[in-house]
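The values are calculated or read from the model by the stated rules, or taken from the named source; none is laboratory data. Quick caveat, the model's predicted, so the values are computed rather than measured. We place every Cβ from the backbone using ideal geometry, glycine too, and count neighbours over all the protein chains shown.
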Amino acid sequence: MHAMGKGKQWRERLASRLEAGFAWLGYTFVNRWGAFERGYRRPFARAALRLRFAFYPLLVLVALGWLAWDWHHERNLAAAENAIFDQAIKLRPWEPEPSGRVVVVEIDDCSIEYYRRRGEGGWPWSRQRHADLLDALDRAGARAVGFDILFVEPSARDPIGDATLEAMAAGGQGRFLFGASRVHADFDAAPGAIPVAQAPGAFATTAPAARPGPRIALLLPYGEAMARNSALLDVARDTDGVLRDIPLRKPVGDWALPSLALRLAAHAEGRPLAAYPPVVRANWRAHTRLPGISAADLIEGRRICRAAAEPVPALADRVVLVGYNASGLNDAKPTPVDPLMPGVEIHAEAVEALLAHNAIWMPPAGFKYLLAALLVLVSGLTFWRGEPAWEIDQVFVAGNLTLVAVAFVGLTAFGVFFDIFAALGFVSLCFGLCRVYAATQRGRAVGNDDYRPQFDPDRDRWLALARLRFVPDPGLDPRALGRRIREYRRRLRGWLYRGTEATALEGVVEYKSWLWESLVDVTVLMWGGPDRATVAATAQRELRALREHLAGHDEVLPDDGSVRVASLISVAVAQDEPIAQTRARVCSVLGRLLASSDERALSAHDAFAADERADGSTDATPAAPSPSD
């Protein structure tokens, strides 16, 4: 028993020391942290006292200026939206299934190795092998075929294969398309350049278009029929190197050159090239792929590279793209769903988006900038009118989350992407700066020690207190009364935040409790000073300024009520009085003021008519009525 008693005493001592240690740590941390906060908040409050409400229009001007600069220069907001799109497209719970109208013929590692083992060498294949592949597709009934391969020079070792490909291109009646490329504009004046109106597939973008148009340099297939049935393979990436939007045309003056995807889609649908948009954002799939078949399987007519269980896609009446995806052949490009997507699959995704009409729709590029500018203007105006209620923060967050949810659901379910995520982040930053600045104004108004010096017994030996109460006009319904009280408090906050000597007790801001509901129309202002004359003069001057401020807004929005005042002047600190007694005195005076039934209208000539002695008694009634306006 003795051992158990000693163990219990040891545990109690340990627990007591731990409690004391945590209490000391908490007290020390709070004090040190408070000193740190005062170190930057008080200078900020002094700056806010100089700027007053000019901070909000200045912030709006800076934000709008940055948006305008970014639109004309770096497009950082657009780049941020692109990065968010890359994540959203991979996080969506489902994605559209391939329509089956587009098939990819893959010149893969297996196909190259198969013909290498047969003694035909590796890559590049002979032209005859490409002709065999095209012939297999023709016999399978393909609607259109596009080669994501450049056949620029005739083959010195396979002239028969060259002739076969050229003959098939001539007899294909536009069904078979071959790759071409735009050479750098520096070569447009070199020999071999042709007028743009004579380029393969060129179409006018304006009417009337100037003929023959500027000269351009192109890398075209070697054969005349192949060149006539060629289209551009060029694609352009975004500034971060990721390919999201696939260009469908290359503008040159009043003309445009079609891409391979555009000519294939236009042939399949029988529509003019000019009927399609300049670019298309494919509905990138992260978990499924377009139907594909290995080139060796197609040429040989049997399974060589694909497993027996893997289905063979139908080729009849399909648009087929032929290209290589073998390792070591550098045709891969980063996309939102694949850092190394083969070029043939990129062209195939563009054709799929056009034929299946499932391309991702996005608002105009300037939409996000206009939205950000509008929301920044609304935020700045809201705070410039006076600090809004804290419920506005909830509305702001809920509204942003709703917009984000709508954007994500639109991308997932409808292929519509509102690229507003980064814009909302930018607006949230501006809104947060407004709220921080308003919190600084409010902290000074309510006498927070982080923003202004606290009550000093050696300096503030007298106190003047005024209780303000909004009295509505008779006949207001409850909803109108609530709006008028809210408007009165907004105006009162605006006056306090402009910088006054008064300290407002916490009735300026709404709280959702039954006690604060009963005090929702009551505000207490307090002034300190070294003597009665000084504190009375300060209080009277600022109450007159408050009346002028409230009355100055009536033409814009009447208050439909009046402000009543009850006031007291009291000795705050008696000679050689301990701080505890001083606090008790101030609490007593405050309670007497709140309980006072003697009120007068807030007038242009206000006066304080009550003096409390240091012992707590009064020389007169709390407040003498004065004429109202």
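A compact table of results
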item	result
Residue match in region 106-116 (condition: among the basic types (K, R) and either over 47 Å from the mean Cα position of the chain (by Cα) or over 23 Å from A261 (Cβ atoms) (or both))	yes
Residue check for A256: in the same structural domain as G141 (by TED's automatic domain parsing) and either assigned to a strand (DSSP E or B) or among the aromatic types (F, W, Y) (or both)	yes
Positions within region 408-431 being more than 11 Å from the chain's Cα centre (by Cα), more than 16 Å from L377 (Cβ to Cβ), part of a helix (DSSP H, G or I) and of a type outside the set (V, I, T), in sequence order	F408, G410, L411, A413, F414
Residue in region 441-449 that is more than 13 Å from the chain's Cα centre (by Cα), more than 30 Å from P578 (Cα to Cα) and in a helix (DSSP H, G or I) present	yes
Tabulated pairs, region 578-589, first over 15 Å from L465 (Cα atoms) and in contact (Cβ under 8 Å) with a residue 24 or more places away in the chain, second surrounded by 13 or more Cβ atoms within 10 Å (Cβ to Cβ) and β-branched (V, I, T), C-beta under 8 angstrom, 6+ apart or interchain	T582/V573
Meets criteria (in a helix (DSSP H, G or I) and at pLDDT 85 or above) for A466	no
Total residues in region 381-398, condition within 14 Å of R491 (Cβ to Cβ) and part of a helix (DSSP H, G or I)	1
In region 367-401, residue farthest from the chain's Cα centre (by Cα) [restricted to those that are modelled with pLDDT under 90 and within 30 Å of D245 (Cα to Cα)]	G399
Residue ID - nearest to the chain's Cα centre (by Cα), chosen from residues in region 128-156 that are part of a loop (DSSP other than H, G, I, E, B) and of a type outside the set (A, V, I, L, M, F, W, C)	R143
Any chance R50 is modelled with pLDDT of 85 or more, in a helix (DSSP H, G or I), on the phi < 0 side of the Ramachandran plot and not assigned by TED's automatic domain parsing to the domain that holds T412	yes
Residues satisfying the stated conditions in region 280-311, i.e. surrounded by 12 or more Cβ atoms within 10 Å (Cβ to Cβ), among the aliphatic types (A, V, I, L, M) and more than 30 Å from D238 (Cβ to Cβ)	I293, A295, A296, L298, I299, I304
Hits in region 152-170 (condition: hydrophobic (A, V, I, L, M, F, W, C) and more than 22 Å from V183 (Cβ to Cβ))	A156, I160, A163, L165, A167, M168, A170
Test: residue in region 259-278 that is assigned to a loop (DSSP other than H, G, I, E, B), assigned by TED's automatic domain parsing to the domain that holds K333 and free of Cβ contacts under 8 Å to residues at least 24 places away in the same chain	yes
Residues of region 319-331 that turn out to be closer than 18 Å to V103 by Cα and either touching a Pro at 6+ places or on another chain (Cβ under 8 Å) or outside the structural domain of P291 (by TED's automatic domain parsing) (or both), as a count	3
Qualifying position, being of a type outside the set (F, W, Y), surrounded by 13 or more Cβ atoms within 10 Å (Cβ to Cβ) and not assigned by TED's automatic domain parsing to the domain that holds S294, among A79, A68	A79
Matching residues, region 127-139, being crowded, with 17+ Cβ neighbours inside 10 Å and closer than 19 Å to Q173 by Cα	H130, A131, D132, L133, L134, A136, L137
Residues located in region 272-326, provided they are within 20 Å of V145 (Cβ to Cβ) and of a type in the set (S, T, N, Q)	S294, N325
First in region 476-491 and part of a helix (DSSP H, G or I), second anywhere and polar (S, T, N, Q), Cβ under 8 Å, 6 or more apart	R489/T523
Residue in region 252-266 that is surrounded by the fewest Cβ atoms within 10 Å (Cβ to Cβ), counting only those that are more than 19 Å from I149 (Cα to Cα) and in contact with a strand residue (DSSP E or B) (Cβ under 8 Å, 6 or more places away or on another chain)	D254
Candidates L273, L233, filtered to the one that is of a type outside the set (V, I, T) and out of contact with any Pro (no Cβ under 8 Å at 6 or more places or on another chain)	L233
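Yes/no per residue for (1) modelled with pLDDT of 85 or more; (2) over 49 Å from the mean Cα position of the chain (by Cα):
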| site | (1), (2) |
| --- | --- |
| Q540 | yes, no |
| L550 | no, no |
| D560 | no, no |
| I569 | yes, yes |
| L590 | no, no |
| L594 | no, no |
